[in-house]
Amino acid sequence: MEYGPAKKRAARDLGRGRSTELPSNEAVEEQVREYLQIFCADTQPGELAALRRLALRWMQRLAEFRPHLAGAAWRGTATRLSSVHLDLYCDDPKSAEIGLLNQGIDYELVGQQSRGSGQDPYDVLSVGSRSEELGEVVTIFLHIRDHDELRGALKPDATGRTLRGDTAALRRLLEAQDDAA
């Protein structure tokens, strides 16, 4: 679950109103990292590597759409229960769908995501892809973004980490992860 909806759900479950101050996404992510280190240290690094390798295969397959890995698989907090999020930067939003059809890839339009105030939302597609390493099907969400959005895509957050990375950056992460193992 993304942090925003998770924080709102937690506030609701605790009986807190909309005016309740919620922790920042960075604070939530740090707690997730701590949890993973304590309770999942033996399994999470391998699961993360498997998801990243699956993402790399899809990024290579969809290279014409300038894919960038985002979400928990990029940030390092993914487990086998996580989905993979790829941002595709397209000159024409329909080009990604046409490309998927041309490759014989079954996909589903799962909805639209808000870009922010005053901007049109973008489509989000999903595909299922089997991970042999994990022994299960992983959901890959394809966020169809406008090519012009690529300019601001690699701005770091408050902690200095980027929110997404291209194929070369993902390869570097995988190499560093392999070296650490």
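Just so it is clear, none of the values below were taken in a lab; they were calculated from the coordinates. Quick caveat, the model's predicted, so the values are computed rather than measured. Don't worry about glycine lacking a Cβ; one is built from the backbone with ideal geometry, like all the others, and counts go over all protein chains shown.
Worth pointing out:
- The chain - mean residue ellipticity at 222 nm from DSSP helices (-39,500 (n - 2.57) per run, n ≥ 4, rounded to 500): -12500 deg cm²/dmol
- Exposed-loop-free span, longest in the chain, where trypsin sites (Lys or Arg not before Pro) count as exposed if DSSP calls them loop and at most 16 other C-beta atoms lie within 10 Å: 19-114
- Label-zone membership for region 139-181, site E132, 7 angstrom Cα→C-beta point, backbone N under 19 Å: 139
- Rounded to 5, percent antiparallel among DSSP beta bridges of the chain: 75
- Two-site FRET efficiency, R53 against E108, from Cβ-Cβ distance with R₀ of 30 Å, rounded to 0.05: 0.80
- A crude spin-label estimate for the pair Q31 and A6, with each label 7 Å from Cα along the Cβ direction, gives 0.9 nm.
- GNM on the chain, alpha-carbon springs under 10 angstrom: the most fluctuating residue among G76, G111, G160 is G160.
- Across A153, A50, A41, mean-square fluctuation computed from a Gaussian network of the chain (C-alpha pairs under 10 Å connected) peaks at A41.
- Other residues with beta-carbon under 14 Å from the beta-carbon of P5 carry, at +1 per Lys or Arg and -1 per Asp or Glu, a net charge of +3.
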